[in-house]
Amino acid sequence: MTQVSYKDLGLVNTKEMFKKAMDGKYAIPAYNFNNLEQLQAIVNGCVESNSPFILQVSSGARKYANQTLLRYLAEGAVELIKSMNSNVKFALHLDHGDTFELCKSCIDSGFSSVMIDGSHHSYEENIRLTKQVVEYAHEHGVTVEGELGVLAGIEDDVVAAESVYTHPDQVEDFVKRTGVDSLAISIGTSHGANKFKPEQCSKNADGVLVPPPLRFDILEEIEKRIPGFPIVLHGASSVLPEYVKMINENGGKLDDAVGIPEEQLRRAASSAVCKINIDSDGRLAMTGMIRKVFNNNPAEFDPRKYLGPARDALAQMIVHKNKNVLGSAGKA
Ligand code: G3H
Ligand code: 13P
Ligand code: ZN
């Protein structure tokens, strides 16, 4: 793919978005996409709720859908938004980049933002790698997200069994020495639909698992060390019970699926947390709807008849998140 700047594609980086989100006490939603239907749903949901957004691509998504095709799809989303007479702006972001070369490849193909996830390296190696990406990215006006602390669960190819909370003592030094534009931290979130083991949870009166609260004390400490600096939460799906139920009632089997309660995300969004990553909730919404369509219509075999409703379910879920959880609705 020939080298192209995101500016020529009509994309924006995250700088202005995060400044407005910080001042306005809301968070920008970051949704992952791997295919056409997810992209349409993200655009439809964010245009309907008039919300800025971050369109995220993981290295797994690039492998699955073909990196060139995926990038052109993202470019197509700019035109799609214009055709809907909307002014919604979005950043095209690499999620969990793990090498300089991967970040460079995305920057060169028109991404406006990249994450370099050096959290599994030693502190000094994380700084070296992140700084290397920042230097190249900033030459091209691209913003960079770094990470300190390790989330429990699976971060792409990086497997972390236990969560290691971010040490507030390190954040100021890390931000200064790397020059990153935002920082992903670990305060108790994790990736996937099973964020907590049942034994880590309590049970409410209805027998529903209640996860341990996020470590807002660590977040507050971090905010004191780097005031006004944009913080990112990964692994922030809520694992909405309605979709888990839809999956389980229609032939699926999701046991002990527990996410981050939405009121905790609302609280985070009104703090220095400027970006909240949501992927699993979208997967659950789409899967729930596809299972329901197949269960109700076992003879159905036209992909549009199950991918269409799945796309609508995802768009609806996105409108809900933007309006009721992140507070980004109406901020485009
Ligand atoms: O944090 C990971 C994202 O949910 C992307 O997942 O690597 O399976 O595409 P993936
Ligand atoms: P969830 O698995 O909680 O949706 O997190 C997604 C994420 O952090 C993408 O980077
Ligand atoms: Zn993540």
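What number of lysine-lysine pairs in the stretch 173-249 show an alpha-carbon separation below 26 angstrom, given a sequence spacing of 8 or more or placement on distinct chains? List each step's numbers first, then the result.
Numbers: Lys176/Lys224; Lys195/Lys203; Lys195/Lys245; Lys197/Lys245; Lys203/Lys245.
Here the count comes out as 5.
For the stretch 294-332, which chymotrypsin sites (Phe, Trp or Tyr not before Pro) are both in a DSSP coil and crowded by at most 14 other Cβ atoms within 10 Å? Walk me through the numbers on the way to the answer.
Working: sites: Phe294, Phe301, Tyr306; in loops: Phe301.
When the chymotrypsin sites (Phe, Trp or Tyr not before Pro) of the stretch 294-332 are filtered for loop state and at most 14 Cβ neighbours within 10 Å, Phe301 remain.
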**OP:** Give, in nm to one decimal, the length gained when the segment between Gln316 and Arg177 is fully stretched (0.36 nm per residue of separation minus the Cα-Cα distance).
**Re:** 45.9 nm
Original post:
So which aspartates and glutamates can Lys305 reach, going by Cα to Cα under 15 Å and dropping same-chain residues fewer than 8 places off?
Top reply: Glu37
Original post:
Computed from the mean reciprocal separation of all distinct C-alpha pairs, what Kirkwood hydrodynamic radius does the stretch 194-332 have, in Å?
Top reply: 16.7 Å
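Which length gain, in nm to one decimal place, applies between Glu101 and Arg225 when the Cα-Cα distance is subtracted from 0.36 nm times their residue separation? Intermediate results must be reported in sequence, preceding the final value.
Working: separation 124, 0.36 × 124 = 44.64 nm, distance 3.13 nm.
That works out to 41.5 nm of additional length.
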Original post:
With charges set only on the Cβ (+1 for Lys and Arg, -1 for Asp and Glu), what does the dipole of the chain come to about its Cα centre, in debye to the nearest 20?
Top reply: 860 debye
Original post:
How long is the stretch 105-243 along each principal axis, judged by its Cα atoms, biggest number first, in Å?
Top reply: 55, 34, 26
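Counting alpha carbon pairs within less than 8 Å and at least 6 residues apart, what relative contact order, in whole percent, applies to the chain?
About 22 percent, as a whole number.
If packing is taken as the average number of other Cβ atoms within 10 Å across a peptide's residues, how do 39-51, 74-86, 135-147 rank, most packed first?
On the way: 39-51: 22.8, 74-86: 15.0, 135-147: 20.8.
So the peptides 39-51, 74-86, 135-147, ranked by packing, come out 39-51, 135-147, 74-86.
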Subject >> Rough spin-label spacing in nm, given labels placed 7 Å along Cα→Cβ, for Asn66 and Glu139 >> reply: 3.1 nm
Original post:
Using a basic spin-label model with each label point 7 Å from the Cα along Cα→Cβ, how many nm lie between Lys197 and Asn87?
Top reply: 5.2 nm
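I'd like to check one number: the per residue accessible area of the stretch 188-315, probe 1.4 Å, reported in Å² as a whole number.
On the way: 6180 Å² over 128 residues.
Per-residue accessible area for the stretch 188-315 comes out at 48 Å².
Compute the length gained on full extension between Asp23 and Arg267: take 0.36 nm times their separation in residues and subtract their Cα-Cα distance, giving the result in nm to one decimal. Let's see the in-between values first.
On the way: separation 244, 0.36 × 244 = 87.84 nm, distance 1.48 nm.
Value of the extension gain: 86.4 nm.
For the stretch 1-51, rounded, prolate or oblate, judged on the Cα gyration tensor with a ≥ b ≥ c (square roots of eigenvalues), a/c < 1.5 rounded, else prolate if a/b > b/c? Display every interim value, and only then the final one.
Details: a/c = 2.39, a/b = 1.17, b/c = 2.04.
Oblate.
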Original post:
What Kirkwood hydrodynamic radius, in Å, does the stretch 27-157 give when the mean of 1/r is taken over all pairs of distinct Cα atoms and then inverted?
Top reply: 15.3 Å
Original post:
Running Debye on the chain with equal point scatterers at the Cα sites and no solvent, what base-10 log of I(q)/I(0) appears at q = 0.06, 0.08 Å⁻¹?
Top reply: -0.19, -0.35
Subject >> Among beta bridges that DSSP assigns inside the chain, antiparallel share in %, nearest 5 >> reply: 15 percent
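Using the heavy atoms of the protein chains and a 1.4 angstrom probe, tell me the accessible area per residue for the stretch 1-109 in square angstrom. Mind dumping the intermediate values first?
Working: 4660 Å² over 109 residues.
That works out to 43 Å² for each residue.
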**OP:** Report, to two decimal places, the Cα Rg of the stretch 71-147 normalised by 2.2 N^0.38 Å (N = number of residues).
**Re:** 1.24
Subject >> Pairwise Lys count, the stretch 1-117 - Cα closer than 17 Å, eight or more residues apart or different chains >> reply: 9
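Using a 1.4 Å probe over the heavy atoms of the protein chains, calculate the carbon and sulfur portion of the accessible area of the stretch 171-221 as a whole percent.
Details: 1210 of 2390 Å².
Carbon and sulfur atoms account for 51 percent of the accessible area of the stretch 171-221.
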Original post:
How much of the accessible area of the stretch 24-87, probe 1.4 Å, is carbon plus sulfur, in whole percent?
Top reply: 49 percent
Original post:
Where in the chain are the helices, taken as whole DSSP H runs, whose Cα atoms extend 15 angstrom or more along the long axis and whose Kyte-Doolittle mean reaches at least -0.5?
Top reply: 36-48, 67-83, 280-296, 303-320
Original post:
Sorted from largest down, what three extents in whole angstroms do the Cα atoms of the stretch 1-87 have along their principal axes?
Top reply: 37, 25, 24
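The values are calculated or read from the model by the stated rules, or taken from the named source; none is laboratory data. Computed from a predicted model, the values in this text were never measured in an experiment. Methodologically, a virtual Cβ is constructed for each residue, glycine included, from the backbone with ideal geometry; neighbour enumeration extends over all protein chains shown. Surface accessibility is based on the protein's heavy atoms, side chains included, excluding ligands, DNA and RNA. Shrake-Rupley method; radii C 1.70, N 1.55, O 1.52, S 1.80 Å.
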